[in-house]
Amino acid sequence: METEQRADAASPDGLPLAGLTILDFSQFLAGPSCALRLADLGARVIKIERRDGGDASRALFLAGVGFDGASALFHTINRGKESYAADLKHPDDFAAVLRLVARADVLIHNFRPGIMERLGLGWDAVRALNPRLIYAGVSGYGPEGPWRDRPGQDLLVQALSGIAWLSGDAGDPPVPAGLSITDMMAGAQLCQGILALLVRRGVTSRGGRVDVSLMEAAIDLQFEHLSVHLNRAEPMPERSIVANGNVYLAAPYGLYATADGHIALAMAPVDRLGELLGLPELADFAPDTWYVERDAIKALLRDHLAARDTQHWLAILEPAGIWCAPVLDWPALMSEPAFAALGATQSIAASDGATMLTTRCPIRIDGAILTSPRAAPRLGANGPTIDQELAA
């Protein structure tokens, strides 16, 4: 068995983006998550932050958890970066930032439409300064339309996009995802666009612009469901009354309570399930009724599965090739050997030696796990070094 490889992003030799410089003007999640992934892949990322407070997520303490004077969230999404503090309205600071822009490979921002132009850092201005620059912007709702100036916040986008209506059972109120999924998806899509333009630049030497919005990311995230809905005459798909897992998939798809927890059942032949589970009533449902009769089928499964513990059912279903899984909370997940095998966490260290446990980059390059042991920077910590570089 091969020994697990780990590549330290702080020593970026061999990483695909080594040698590239990214200027990250963004804050909170979408833009910084994009810049984080580029840093994980070897790029040097310099956060351009306000002198007064910096990135607002420095002070966004989830459950009161902090590290090295900032929120744990800030460190999770900004580990391995550098910080340059600047007042963009101050002539000297603005001139220094322009010198950075002239040398950078990528600029990322998440200001509302028109703000970068008012700051003198719009696309037309910066491409005149640096024609090879990749200019990447993430907004809430795109550059045009009546929503362009609304707050681009994940929960609001889930509410507006229809995502919140997909979860929960019929009759339940809207249920948002428990994660900032539109922020993170927008960041991932922005990263894809940046990488595509870097490839093009390698061929043509020409820079380019990529724009992503949280709303467009939310719409694309629903492509399976929306593509069906757009071709059906329906006001809105109906959620299952029992164990809703997907508004368009037939029974048994969903989560079911057992005697000691819950079990997930994905796509599976209903009649075969009946044979395996000792539930002969399921044989009465023909395959072409597994969607239209899903609530009746799911109700039978719900009542039957509640009688025994999760492991009892898994021991029957898994050897038979049925797609199923226990529903784990975080402590249960982390106790699994499969979690340990992934090496999914890493320790990051602040300048004073304090450490914090967080997640790692999920991408492997040449078989190596990518880690970045350096914590997020203190506000303006790298300013003096960067100023010396600019003066050279």
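The values are calculated or read from the model by the stated rules, or taken from the named source; none is laboratory data. From a predicted model like this one, the values you see are computed outputs, not experimental measurements. Backbone-built Cβ (ideal geometry, glycine too); neighbour counts: all protein chains shown. Accessible surface is based on the protein model in full, side chains and every heavy atom, while ligands, DNA and RNA are left aside. Shrake-Rupley method; radii C 1.70, N 1.55, O 1.52, S 1.80 Å.
Values for this structure:
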item: Close pairs from region 103-120: first within 17 Å of I194 (Cβ to Cβ) and among the hydroxyl-bearing types (S, T, Y), partner open to solvent by less than 20 Å² (accessible area, probe 1.4 Å) and in a helix (DSSP H, G or I), Cβ under 9 Å, at least 6 apart; result: none
item: Selection status of G80, out of contact with any Gly (no Cβ under 7 Å at 6 or more places or on another chain), touching a residue at least 60 places away in the same chain (Cβ under 8 Å) and either open to solvent by 30 Å² or more (accessible area, probe 1.4 Å) or closer than 17 Å to E389 by Cβ (or both); result: no
item: Failed item, numbered, when F67 is tested on (1) of a type in the set (A, V, I, L, M, F, W, C); (2) at negative phi; (3) open to solvent by 30 Å² or more (accessible area, probe 1.4 Å); result: (3)
item: Contacts under 9 angstrom Cβ, first residue in region 372-392 being more than 22 Å from D40 (Cα to Cα), partner modelled with pLDDT of 95 or more and not hydrophobic (A, V, I, L, M, F, W, C), 6 or more apart; result: D387/Y84; E389/R103; L390/R99; L390/R103
item: Filtered residues of region 325-345 (kept if hydrophobic (A, V, I, L, M, F, W, C) and part of a helix (DSSP H, G or I)); result: W330, A332, L333, M334, A338, F339, A340, A341, L342
item: Subset of region 136-164 (residues that are open to solvent by 70 Å² or more (accessible area, probe 1.4 Å) and more than 20 Å from the chain's Cα centre (by Cα)); result: P143, E144, P146, W147, R148, D149, R150
item: Selection from region 177-200 of residues that are buried (at least 16 other Cβ atoms within 10 Å of the Cβ) and either farther than 23 Å from I363 by Cβ or among the hydroxyl-bearing types (S, T, Y) (or both); result: S180, T182
item: Which listed residue, of A35, A9, A56, A30, is at pLDDT below 95 and under 25 Å from Q153 (Cβ atoms); result: A56
item: Region 20-42, residues that are open to solvent by 10 Å² or more (accessible area, probe 1.4 Å) and farther than 16 Å from A188 by Cβ; result: L20, T21, F25, Q27
item: Counted residues, region 201-232 - those being over 30 Å from I22 (Cα atoms) and open to solvent by 50 Å² or more (accessible area, probe 1.4 Å); result: 8
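Residue by residue, here is whether (1) of a type in the set (S, T, Y); (2) in contact with a Lys or Arg (Cβ under 9 Å, 6 or more places away or on another chain); (3) over 19 Å from A35 (Cα atoms) holds:
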position	(1), (2), (3)
H109	no, no, no
P113	no, yes, yes
R127	no, yes, yes
R132	no, yes, no
V138	no, no, no
Y141	yes, yes, yes
D154	no, no, no
